[in-house]
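*Asks:* One structure is given below, represented as structure tokens, and several questions about it will come after.
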Amino acid sequence: MAKAEAQVDGEGSGGDIQVIARIAALLDCLDPDSPYLDTQTTAKALGVGRSTAHRYLVSLEKRGLLRRRDATTYELGPVLSRLGTLALSRLGVLEAARPVMHELCREIRNTVVLSVWGGRAPVIARVVPDNSRITTISVEVGRSLPPDAAQSRIFAAYHKLGRGGRSATGGHLRAVDDQELVPVGGLLTASQVYAGGGFKTIAAPILTADGGIVATLAVIGLAVFMPEEDDRTVAEKLVSAVSRIGLN
């Protein structure tokens with residue numbers, strides 16, 4: 001009887017229900033470098049034919065787990081986005097940082113973002129946009145950051161990296177050297193200029209009482225409003241803001 005029930009449920013030899021294991025394997029393919037799924041990728045990941053892979057994608061789209069991006073590719077859907085936001089909202093750092101982020105935004109007149117570790121890369125969890133200027137920078141909550149982002153380099157500096165740049169928490173982070181990091185007030189900060197010098201990010205870590213990194217706080221703005229000679233001052237304001245975020 002147990003064997004028959006297992007066959008009905010599609011239970012594999014390892015005790016997993018096959019369809020759940022396949023969906024988990026499929027979603028695990030998504031990362032900052034490959035944020036989309038198509039039939040070929042799905043078929044390879046699941047070890048099935050293209051027609052079966054297509055049915056998986058269509059079914060996941062119907063249930064809101066995926067969303068069709070164009071005729072051949074899919075991205076994370078509204079259900080997963082909602083669950084991700086719910087999971088992030090349970091992190092106390094988000095609420096603790098809210099008032100501090102608003103204060104910092106008003107003080108420096110640039111957008112302030114908080115990122116948490118998303119399993120493979122830092123993920124933007126909260127944004128306080130600066131609306132004091134005519135030109136603003138739009139930052140999307142839920143977006144994963146690339147390895148060269150200032151926030152990623154801060155996580156890399158505080159995570160213990162093993163072989164291949166794989167962090168203790170399971171993601172891939174490129175190794176960083178001392179020249180990429182600037183110590184300020186006992187913390188390591190990092191900066192990054194993007195888009196041919198169009199805008200800049202400066203980031204600092206948010207640490208727990210025992211020194212573990214729980215998030216990063218960053219300032220993002222047009223490079224013209226963040227000249228290099230002000231980097232140290234901005235970094236000091238970031239570190240001061242981090243010190244005001246109390247984590248229980």
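*Asks:* Say each of THR136 and ALA21 gets a label point 7 Å from the Cα, pointing the same way as Cα to Cβ; how far apart are those two points in nm?
*Replies:* Going from the THR136 label point to the ALA21 one covers 4.8 nm.
*Asks:* Starting from the Cα coordinates of the stretch 184-248, work out the convex hull volume and express it per residue in Å³.
*Replies:* On the way: hull volume 5.1 nm³, N = 65.
Per-residue hull volume (Cα only) is 78 Å³.
*Asks:* Next question, about the same structure. Rounded to the nearest 0.05, what FRET efficiency is calculated for LYS44 and ARG109 with R0 set to 41 Å and r the Cβ-Cβ distance?
*Replies:* Working: r = 48 Å, r/R0 = 1.17.
Once rounded, the FRET efficiency stands at 0.30.
*Asks:* Give me the distance in nm between label points sitting 7 Å out from Cα along the Cα-to-Cβ direction at ASP210 and GLU75, one decimal.
*Replies:* Result for the modelled spin labels: 3.8 nm.
Computed from the coordinates by the stated procedures, all read-outs in this text should not be read as laboratory data. Small disclaimer: the values here were computed from a predicted structure and weren't measured. As a convention, Cβ positions derive from the backbone with ideal geometry for all residues, glycine included, and neighbour counts pool all protein chains shown.
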